[in-house]
Amino acid sequence: MAALGWVLRAARQVLPSPCPGQVRTYYVDWRMLRDVKRRRLAYEYADERLRINAIRKNTILPKELQEVADKEIAALPRDSCPSRIHNRCVLTSRPRGVRRRWRLSRIVFRHFADHAQVSGVQRAMW
Amino acid sequence: MWGRVRVWGGGGFASRLLGAAAAAPRLHCSPHSKVQKPFSTSSVLSDEKDECTTSKGSTTEGASKRQKGTAETPKQKLLDIIGNMKVEVSYRKKLQELKASENKKQAMNRLEGPDSEGPQRTAESIQRGKPLNPELVKAASAVASSLPLNKKQTESELLAQLRRHEETTDKQKKGETINIRNVISEMTVKRQSPAQRGVRISSRISLELDDDGQRIRPERFLSQSFDSRRSLKVGKRLNIFTKASTEPEHALKTVPSPTIWDLEFAKEIAAITAQPPRNGFEEMIQWTKEGILWEFPIDNEVGMDDDAEFHEHIFLDKHLEGFPKEGPIRHFMELVICGLSKNPYLSVKQKIEHIEWFEKYFEEKKEFLQEI
């Protein structure tokens, strides 16, 4: 419920900026939206997760304490785990073929590069 | 209809003659006398016929003069007109002399005026009207004789009118200055405070109206009326010798909080003034303002306002007072501190928070740890 509210607010707050070109007010698809939610939660629980893991991955502290820590970290929301984040294409939400540096899928990257809209990128020839 | 027009024109003509003398009647009269000599007879004759039909109550001096002329032959009418002109000139000079001498007398009379009205007024009028009355009394008498009504009544009415004219003109000449002085002293000077200038400007530009139809919203400023003369107690207190009482000021300042309309208006202005960039430089400026583009030369410590010294980052032993001095927990925490001291990315505050979290965590698990 709260997550939905946050998502709606995020969608609404995108005001019509006076920029040329396409204005995207919605996420491309629901998978992208879920990925956005996971990223947000991961950011919120990052510190806590780090500290609990520091207790867990320990040889000094007693094992009982570490087992308690295991249970605690499992009780956290599942989407707060950073490994659930998947780097999708920012424009098309394509899960595969995404170049990390530009956050774009290979097709979109090629499209922009051919129109000379990616800085410092040129067709290779050697 | 034509007759009435003539009467009106004649009345104006005569009132200018008899009233506060200006150059206008002079100029007005001379062409009449010079140009209209051959025409005067006809005009006067026509006046004769017209004014016989006019209403009897028209007590105009012009009518009196013309009718005086009509009583005699046309030549005598001309002479009378010339004589009237002379009368006018003489009247002017006499009036000026009289006024120069009688200013004081009239001032005195003014002061005494509200006390005793009738006899002194008439005395004034008689004093003022001295140069006039002999000539005009003759004219008035001639008019009265020509008119079929009671002669004395008409005479008295005409003379009263004359007096009134003079009185009013003299009063206006002296009374107006006093009235203006009163008006100006009553007027207050409004001053703008710079704190509220924005609100004032917005209220001025907008065509919004309150319930009363008044534009300016903060009406409390009207109560703060400043005198044109400066006084010691007016103005903002510096509070050098007394303690500053900030409560009423705050109360005043918080009253005009920006309303929704103010915010909307501000947004409108911002949207209108934010024109699209004309060239690449302006675009880059816009980006820098938004934070998209970094400021050059690049500052590595932008956004990092860590004012702590290096020893606060490295020597974190003092934060370990809440932990037991021996045991695995202490060992663990010392490792944590060792790691934090080598971390350049966290601020001192974040490091302290880190340690405090552990402290809290171990506090909660204390009972559990006792069992072990």
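Laboratory data are not the source of any read-out in this text; all were calculated from the coordinates shown. Not measured: the values here are computed from a predicted model. Counting neighbours? That spans all protein chains shown, and the Cβs are built from the backbone with ideal geometry, glycine included.
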Simple spin-label estimate for A:A116/A:Y43, 7 Å along Cα→Cβ, in nm, reads 3.6
Inter-chain shielding metric for B:320-328, i.e. average beta-carbon neighbours from other chains within 10 angstrom, reads 1
A:K71 and A:K57 label points (each 7 Å along its Cα→Cβ direction) are spaced in nm at 2.4
P(r) over all Cα-Cα pairs of region A:27-86, 10 Å bins from 0 to the longest distance, whole percent per bin, short to long, reads 23, 42, 23, 10, 2
On the formula 1/(1 + (r/R0)^6), with r taken between the Cβ atoms of B:K75 and B:K152 and R0 of 35 Å, the FRET efficiency rounded to 0.05 is 0.70
When the charge dipole of region B:310-371 is computed with +1 on Lys and Arg Cβ and -1 on Asp and Glu Cβ about the Cα centre, the Cα farthest towards its positive end, among B:S347, B:F362, B:H331, belongs to B:S347
By Cβ neighbour count within 10 Å, fewest first, B:T168, A:T59 rank A:T59, B:T168
In whole Hz, the Karplus estimates of ³J(HN,Hα) for region A:62-73 (6.51, -1.76, 1.60; θ = phi - 60°; x where Gly or Pro) are x, 5, 4, 4, 5, 5, 4, 4, 4, 5, 5, 6
The size of the Cβ-based charge dipole (Lys, Arg +1; Asp, Glu -1) of region A:27-86 about the Cα centre, to the nearest 20 debye, is 220
For the table B:K342/B:K366; B:K77/B:K138; A:K71/B:K360, the rows whose alpha-carbon distance is greater than 26 Å are B:K342/B:K366
Here the alpha-carbon Rg of region B:234-372 over 2.2 N^0.38 Å rounds to 1.89
